[in-house]
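S.K.: The structure under discussion is supplied below as structure tokens; questions concerning it will follow.
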Amino acid sequence: MTDAADAPAEGREGVARGSGVTLWRQIAQQLEAQILSGALKPGARLPVEAELAETFGVNRHTLRRALAHLAEQGLIEATAGRGTFVKEPPLRYPIGARTRFSEIVSAGGREPFGRFLGSSVEPACPDVARELALPEGTLVLRIESIHEADGVPISFGTAWFPHARLRDLDLIYAATGSLTRALATLGIEDYRRRETRITARPANARELELLSLAPGRAVLVLERLDVEPNGVPLQWGRSSFAADRVQLVFKA
């Protein structure tokens, strides 16, 4: 059955009415073929809905059905405020003693960026105090940030640092967009991962918004403890990763 809501459009290319294949499926098949052939490359932005609908000679309802099907197949992804893109392969994200977001993303041929969201100085709650080996109530610096690859949100996280040791870390991080560079500015040239804990769950409302996820999508939640070379805790953090945008790799 064809889509009766679409008026005839003789002379248009792309879809064939009366072929026995619905118009939205024909559109999906053609776009899928372009993606698989490389004509539409990973990360490429699709034309806006109005332009695509005009190209195929269909209404937006039909076009959206085709795009929804491609999204379900994992071939495209709509990102709020940015448009619809051919989906990049999952970012290969090694978890090891030296886990640096900027280095990992750069090694994958993408452009890393850390976007500072905000910070505060607060008394360490029992969990933070335990992880950072501080007396409960000691002042800690809390930083929230988003990490992106080629402008696509990968993770949203919160990290806590000993405030007395790293008083201006938030200001430097906000200016540089790199935690590694910010720490180096304060004299910490190296640190290592002591422990990583991972769980999975549906994304909450804030994660859906900040990571530009569709309702029902999942996140991988990584809790991490980084220490200085002498073993002193440097930061404890919790990050939510868009589950289908990363592939976590653990090395023996």
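The values are calculated or read from the model by the stated rules, or taken from the named source; none is laboratory data. From a predicted model like this one, the values you see are computed outputs, not experimental measurements. FYI the Cβ positions are ideal-geometry reconstructions off the backbone, even for glycines, and counts take in every protein chain you see. Please note that ligands, DNA and RNA were not included when accessible areas were found on the heavy atoms of the full protein model with its side chains. Shrake-Rupley method; radii C 1.70, N 1.55, O 1.52, S 1.80 Å.
S.K.: Given Val15, Val21, which one is buried (at least 18 other Cβ atoms within 10 Å of the Cβ), of a type in the set (Val, Ile, Thr), over 21 Å from Ile154 (Cβ atoms) and modelled with pLDDT under 90? Give the steps one after another, and end with the answer.
M.R.: Values: Val21 fails: buried (at least 18 other Cβ atoms within 10 Å of the Cβ).
Unique residue meeting the criteria: Val15.
Conditions (1) open to solvent by less than 30 Å² (accessible area, probe 1.4 Å); (2) modelled with pLDDT of 90 or more, marked per residue:
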residue: Glu111; (1), (2): no, no
residue: Ala124; (1), (2): yes, yes
residue: Leu134; (1), (2): no, yes
residue: His147; (1), (2): no, yes
residue: Pro162; (1), (2): yes, yes
residue: Ala174; (1), (2): no, yes
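S.K.: Looking at Arg115, Arg142, can you tell me which residue is at pLDDT 95 or above and either of a type in the set (Lys, Arg) or under 19 Å from Arg217 (Cβ atoms) (or both)? Spell out the reasoning first.
M.R.: Details: Arg115 fails: at pLDDT 95 or above.
Among Arg115, Arg142, only Arg142 is at pLDDT 95 or above and either of a type in the set (Lys, Arg) or under 19 Å from Arg217 (Cβ atoms) (or both).
S.K.: Answer yes or no: is there a residue in segment 67-75 that is more than 16 Å from Glu88 (Cα to Cα), more than 21 Å from the chain's Cα centre (by Cα) and either loosely packed, with under 14 Cβ neighbours inside 10 Å or without any contact (Cβ under 8 Å) to a residue 24 or more places away in the chain (or both).
M.R.: no
S.K.: Got at least one residue in segment 192-206 being out of contact with any Phe, Trp or Tyr (no Cβ under 9 Å at 6 or more places or on another chain), surrounded by 19 or more Cβ atoms within 10 Å (Cβ to Cβ), touching a residue at least 12 places away in the same chain (Cβ under 8 Å) and among the aliphatic types (A, V, I, L, M)?
M.R.: There is at least one residue in segment 192-206 that is out of contact with any Phe, Trp or Tyr (no Cβ under 9 Å at 6 or more places or on another chain), surrounded by 19 or more Cβ atoms within 10 Å (Cβ to Cβ), touching a residue at least 12 places away in the same chain (Cβ under 8 Å) and among the aliphatic types (A, V, I, L, M).
S.K.: Another question about this same structure. Six or more apart or on different chains, Cβ under 7 Å: which pairs go from a residue in segment 91-106 that's farther than 11 Å from Leu248 by Cα to one that's among the β-branched types (Val, Ile, Thr) and open to solvent by 20 Å² or more (accessible area, probe 1.4 Å)? Could you list them?
M.R.: Arg100/Thr180; Ser102/Thr180
S.K.: Just name the residue that is farthest from Arg193 (Cα to Cα) out of those in segment 234-252 that are in a strand (DSSP E or B) and open to solvent by 20 Å² or more (accessible area, probe 1.4 Å).
M.R.: Of the residues in segment 234-252, the ones in a strand (DSSP E or B) are 234-242, 246-250.
Pick out the ones that are also open to solvent by 20 Å² or more (accessible area, probe 1.4 Å) and you get 238, 247-250.
Values: Arg238: 13, Gln247: 18, Leu248: 15, Val249: 14, Phe250: 13 Å.
Here the answer is Gln247.
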